[in-house]
1. Among ALA180, ALA101, ALA58, which one moves the most in a GNM of the chain with springs linking Cα atoms closer than 10 Å?
2. Residue-wise, which Karplus ³J(HN,Hα) couplings in Hz belong to region 331-336, taking 6.51 cos²θ - 1.76 cosθ + 1.60, θ = phi - 60°, and x for glycine or proline?
3. Once you put a point 7 Å from the Cα of TRP56 and another 7 Å from the Cα of LEU264, both along the Cβ direction, what distance in nm separates them?
4. Region 93-163 to region 3-30: how many Å between their Cα centroids?
5. Residue-wise, which Karplus ³J(HN,Hα) couplings in Hz belong to region 46-62, taking 6.51 cos²θ - 1.76 cosθ + 1.60, θ = phi - 60°, and x for glycine or proline?
6. Please express the Cα-Cα pair-distance distribution P(r) of the chain as a list of whole percents, one per 10 Å bin, running from 0 to the bin with the greatest distance.
7. Can you check what the net charge comes to around GLU111, using other residues whose Cβ is under 13 Å from the Cβ of GLU111 (Lys, Arg +1; Asp, Glu -1)?
8. Assuming 0.36 nm per residue, please report the length gained on full extension of the stretch THR335 to ALA157 beyond their Cα-Cα distance.
Amino acid sequence: MKTHFNTIAKVTLVLTYLVIIAGAVVRMTGSGMGCPDWPKCFGYYIPPTEKVQLEWHANHDYKKGQVIIVDETLQVAKSSFTSSNEFIKTNWDTYTKHDYAVFNPTHTWVEYINRLFGALAGLATLVMAFASLKYWKRNKSITLLSFFTVFAMGFQAWLGKTVVDSNLAPLKITIHMVMALAIVAVMLYIIFKTKQSNTSFTFNIQFKNALIVALALTCIQVVLGTQVREFVDHQIKALGEGNASNWLNNPTTSFYIHRSFSILVLLVNGYLLLLLKKHQLHYKKVYWVFGILLVEIASGIAMANFSFPFGSQTLHLILASILFGIQFYLILEATNAKNKA
């Protein structure tokens, strides 16, 4: 099992990134409330595909917890019953966690698929945790961190529930994203500590410290980016989805900080490239970081100047999460390097 554990951990990491990608698609399509309840979706384990399924019908069998939309409110069946010829309010509870009661089949299924990826990633972390028991005698930290990941994924699922219950409260969305990156970091550490490769890297304190600064700047940019996205979400609600050219009219201060901060991020990562060449270090992933960063900046420019081209928001978020992962892994390599420059 030890031989295959690293592979299991990598598959789990990929599935976690798929959840992040699915979440980015949810944000791009505005599908966050596609399933207004949790963990079910409109009271179903497999969500409805037509509006008629969420309408009240006479002489119809309803199951406890089933959801319908009545007068722009969500109504939840108190128990299983067969309806009469008239709607009887005492058979239903009004859903009170929020007042969102809109059914859009596309949004519903986009959000539902996002939840399926989350469940699959959660199952993978559970498999990884049990597989890590083989490390208990040799390296308890691997087992403990693997089980911590299971707990973290459960906590992340709970955070997702609070996001839905709050009707997409901005602060909770930000915490949800930061938690996802924290899970990625733990998984990368597990993968690094259980890898079979004995690749030797050169230790350089300047390079290591610059990496830490670069990662910190990336984290700040992610938080600032979520704040900008919150402003854009507000603009979309106020101006409409077909008015993208005006979404960034009169932006908040966080937008200007986020935009200007990207210059500092680019300079710090450029400094890493200089150190790489100057000291003939062999951290090739730095080239990946710089390439991703350039595309990240380009997607940001496209959103700001070309009215949010299709997919640009999703690409921007996905690249940020990948950038974080590579930088974190580089820090692990640099910290554990044995040779001195």
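1. ALA58
2. 5, 4, 5, 5, 6, 9
3. Between TRP56 and LEU264, the label points sit 5.7 nm apart.
4. Here the two parts' Cα centres lie 11 Å apart.
5. The phi angles translate into 10, x, x, 10, 10, 4, 4, 5, 10, 9, 6, 10, 6, 6, 10, 7, 10 Hz.
6. 5, 22, 26, 23, 14, 6, 2, 1, 0
7. Working: positive: ARG27, LYS40, ARG115, LYS161; negative: ASP37.
Around GLU111, the charge tally is +3.
8. Additional length available on full extension: 60.9 nm.
The values are calculated or read from the model by the stated rules, or taken from the named source; none is laboratory data. Everything numeric in this text was worked out from a predicted model, so none of it was measured. FYI the Cβ positions are ideal-geometry reconstructions off the backbone, even for glycines, and counts take in every protein chain you see. To get the accessible areas, we keep the full protein, side chains included, count just its heavy atoms, and leave off ligands, DNA and RNA. Shrake-Rupley method; radii C 1.70, N 1.55, O 1.52, S 1.80 Å.
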